[in-house]
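**Student:** Please read through the structure below; I'll follow up with questions.
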Amino acid sequence: MAQLTSNSKFVNDFNQFANYIKNQAPKTPKGLVWLSQWGSNRYAANVAFLIMHTNKVARFSDGRANLAFGKGQINYMLGDSGRSFVVGFGNNPPERPHHRSSSCPPVPQNCNNGAGNPGPNPMVLYGALVGGPDQWDNYVDDRNDYVANEVATDYNAGFQSALVAYISDYM
């Protein structure tokens, strides 16, 4: 609404939100914004997108700082944290996302939900962002831990949108 209407109330409200996220919201020791245990990367990716998008709208304050903050969140997920949280990408990426289809062996083998498969998922779900670490940056690549290893469209929507904002800064 702030972008569409130029209403100062919306602009001020968004700036307050962005300042809270950047300066006061809880963060993991390595810097990921910590808004919820369930899918921590999802929330960080979504706020990274929103905050980086402000760089495209000049009337928002702190455009460069907002861009740097959002990039830091995305870099964390891509590997600056010591590991990647994107399946099939980067250093030590997740191999066991909580995703039924990718955890099943190729047909005609029986799947039985794939949960009991101890190894990496037989089907690599390239580009999927997993839920993420706990509030202390701990992460275990275990498909049965759906809190940390769930993949979902709302996780990837914010993440991919943030990547577009990140990349568009260079174009």
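**Student:** Going toward the positive end of the dipole of the chain, with +1 on Lys and Arg Cβ and -1 on Asp and Glu Cβ, which of P120, V47, N7 do you reach last?
**Tutor:** Checked the options; the winner is N7.
**Student:** If amide hydrogens are placed 1.01 Å from N in the peptide plane, which non-local residues have theirs closer than 5 Å to the one on K27?
**Tutor:** It is W34, by chain and number.
**Student:** Spelling out what I want: for every residue of the stretch 159-166, take phi, set θ = phi - 60°, compute 6.51 cos²θ - 1.76 cosθ + 1.60 (Karplus), and round to whole Hz; glycine and proline get x.
**Tutor:** 5, 5, 5, 5, 4, 5, 5, 4
**Student:** Place a +1 charge on the Cβ of each Lys and Arg in the chain and a -1 charge on the Cβ of each Asp and Glu, then give the dipole magnitude about the Cα centre in debye, rounded to the nearest 20.
**Tutor:** It comes to approximately 420 debye.
**Student:** At 20 °C and a viscosity of 1.002 mPa s, what translational diffusion coefficient does Stokes-Einstein give for the stretch 95-171, taking Rh as the Kirkwood radius over Cα pairs? Give it in µm²/s as a whole number.
**Tutor:** The estimated diffusion coefficient comes to 156 µm²/s.
**Student:** Something else about it: Summing +1 for each Lys or Arg and -1 for each Asp or Glu, what net charge is found among the other residues whose Cβ lies under 14 Å from the Cβ of C104?
**Tutor:** Net local charge, C104 excluded: +3.
**Student:** What is the angle, in °, between the Cα long axis of helix 40-53 and the longest principal axis of the Cα atoms in the chain? Nearest 10 is fine, range 0 to 90.
**Tutor:** So the helix axis and the longest Cα principal axis differ by about 30 degrees.
**Student:** Still on this structure, I have one more. Note the full-extension length gain between N75 and Q16 as 0.36 nm times their separation in residues minus their Cα-Cα distance, in nm to one decimal.
**Tutor:** Answer, rounded to one decimal: 18.8 nm.
**Student:** Highest GNM mean-square fluctuation, the chain, Cα pairs closer than 10 Å: which of P108, P93, P118?
**Tutor:** Residue with maximal mean-square fluctuation among P108, P93, P118: P108.
**Student:** Could you work out [θ]222 nm for the chain from helices alone, using -39500 (n - 2.57) per DSSP H run of at least four and dividing by all its residues? Round to the nearest 500 deg cm²/dmol.
**Tutor:** Using -39500 (n - 2.57) per qualifying helix, the result is -12000 deg cm²/dmol.
**Student:** Here's another thing I want to ask about it. Please report how far the C-alpha centroid of the stretch 58-101 lies from that of the stretch 124-168, rounded to the nearest whole angstrom.
**Tutor:** Taking the Cα centre of each part, the stretch 58-101 and the stretch 124-168 sit 8 Å apart.
**Student:** Still on this model: In percent, how large is the relative contact order of the stretch 1-108, given Cα pairs closer than 8 Å and 6 or more residues apart?
**Tutor:** Dividing the mean separation by the residue count of the stretch 1-108 yields 15 percent.
**Student:** Let me have the relative contact order for the stretch 59-113, percent, based on Cα pairs under 8 Å that are six or more residues apart.
**Tutor:** Computed over the stretch 59-113, the figure is 15 percent.
**Student:** Okay, moving on. Taking the Cα atoms of the stretch 1-77, what is the range of coordinates along each of the three principal axes, in descending order and whole Å?
**Tutor:** Principal extents (largest minus smallest coordinate, Cα): 35, 20, 18 Å.
**Student:** Provide Rg and Dmax in Å for the chain, with only Cα atoms included in the calculation.
**Tutor:** 17.6, 60
Where a number appears in this text, it was derived from the coordinates with a stated rule and is not lab data. Not measured: the values here are computed from a predicted model. As a convention, Cβ positions derive from the backbone with ideal geometry for all residues, glycine included, and neighbour counts pool all protein chains shown.
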